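To keep things clear, I will list the structure first and then write my remarks on it.
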Amino acid sequence: MSGRDQFCQSRRFGRGAALTLVFASVLVAGAATGTLPVGQRGPAPGTTPSAAPVGSQQAVARAAAEAMAEGKSPIEAAQRAVSRSGNRWDAVYSEGEYEEFQEALDGEYTGVGLSARRERDGRIEVTKVAAGSPAAEAGIRAGDRLRSVDGRQVAGRPVTEVVSLLRGDATDAAAGTTVRLGLERGTRAWTETLRRARLSTDSVTVRTLADGATVIRIAAFTKGSGEVVRDAVRQAPADSGIILDLRGNSGGLVTEAVTAASAFLDGGLVATYDVDGEQRALHAEPGGDTARPLVALVDGGTMSAAELLTGALQDRGRAVVVGSRTFGKGSVQMPSRLPDGSVAELTVGHYRTPSGRGVDGHGITPDLEADARALQRAETILGGLGQ
């Protein structure tokens, strides 16, 4: 979760005639997630997900098909099958929701401007509020708890259900429609009625610090963000170091994370992953800047594709990682189209860093622990690396 109106799921189709996998990482109500190409096992970009699910996906597809044959709701049957799996990242989305998730990864979405995540106790916490968004104008801020959406309690719900409530169904999710949020801040509880708006994501921002260091902040890996990072590195002053700020980055398109890694690596391994037991690998493109001092900032909101990038830079000795342990989302989801057009995403494997470390459930431990003053610590370390 970190992005706009989204939570913790991932979706989109990769480049080439390849099925894209998803590293769950959504923002609160629209979605941003990560995806991986998997050989030639799926459709080309712009086509539908695989209609021939494998492994555990067969049970969900069978439940949906049987429900449709009996005149019942396929998506509800699939959701029940998914809930029985007990996997927190497995999910089922309506056709409209899935299309909006893909749209969000293109850098635009309809929502209220909230980023949030589900805590381990099941509560939903707001992690970011987009400047100028309906949520910002209502005074909602990071750290607030989301208690309900349109009167429905959200604590303990799967994140996919919360996302669906925030976005609304196919008829009431358009810009201009309203959504009522129950919120909590300390001992204060209140409700806000917000009007959804068409918003854009500035997933990469670049600024220069007083000492000349360049800070590249990646909020989420949306389409084109990897190339923006590469351009920022090329344009940074030759004698300056770079701080890559991945704090609160909930992930996104894995292909974009690999492109971002290519800005700092001269080819080589970025990560490995498995699909139903079959091992695959992701490699950086050659020609990256391997000499410039680099510090990566991370925290507990650094997830999925952002962890993949962090692990690659850390394992290959390219960056000093500063901050706190990352979230630990390292599973791979594969999308499959169900009979009614809805899409099921079920876990099919996990990814590992170049040294073979598993991330799922563990996260990545920084080289140097830092909290509130993490940026200042990063500047100090960067100064030392440049000597």
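The values are calculated or read from the model by the stated rules, or taken from the named source; none is laboratory data. Note that this is a predicted model, so its numbers are computed, not measured. So basically every Cβ, Gly included, is an ideal-geometry build from the backbone, and we count neighbours across all protein chains shown. These area figures cover heavy atoms from the full protein model, side chains too; ligands, DNA and RNA do not enter into them. Shrake-Rupley method; radii C 1.70, N 1.55, O 1.52, S 1.80 Å.
Observations on the model:
- Kirkwood-Stokes translational diffusion coefficient of the stretch 144-274, alpha-carbon pairs, 10 °C, 1.306 mPa s, µm²/s: 89 µm²/s
- Compactness relative to 2.2 N^0.38 Å, alpha carbon Rg of the stretch 284-387: 1.30
- Net charge in the neighbourhood of Gly341 (other residues with Cβ under 12 Å of its Cβ; Lys, Arg +1, Asp, Glu -1) is -3.
- For the pair Gln153 and Gln279 in one chain, pulling the backbone fully straight at 0.36 nm per residue adds 41.3 nm over the alpha carbon distance.
- Given their separation in residues at 0.36 nm each and the Cα-Cα distance between them, Arg180 and Thr290 gain 34.7 nm when the chain is fully extended.
- If you take all other residues with their beta carbon under 15 Å from the beta carbon of Ala69, and give Lys and Arg +1 and Asp and Glu -1, the sum is -2.
- Shape call, the stretch 236-343: gyration tensor on alpha carbons, a/c limit 1.5: prolate
- Annotation: for a label point projected 7 angstrom from Cα along Cα→Cβ of Arg207, residues of the stretch 275-311 with backbone N closer than 17 Å are 297-298.
- Largest to smallest accessible area among Thr353, Thr205 [probe 1.4 Å]: Thr205, Thr353
- The tail of the calculated P(r) for the stretch 282-321 beyond 16 Å holds 36 percent of all Cα-Cα pairs.
- Under 10 Å, Cβ to Cβ, from Asn249 - net charge with Lys/Arg +1 and Asp/Glu -1: -1
- Extension gain for the segment Glu369 to Arg325, taken as residue separation times 0.36 nm less the Cα-Cα distance, is 15.0 nm to one decimal.
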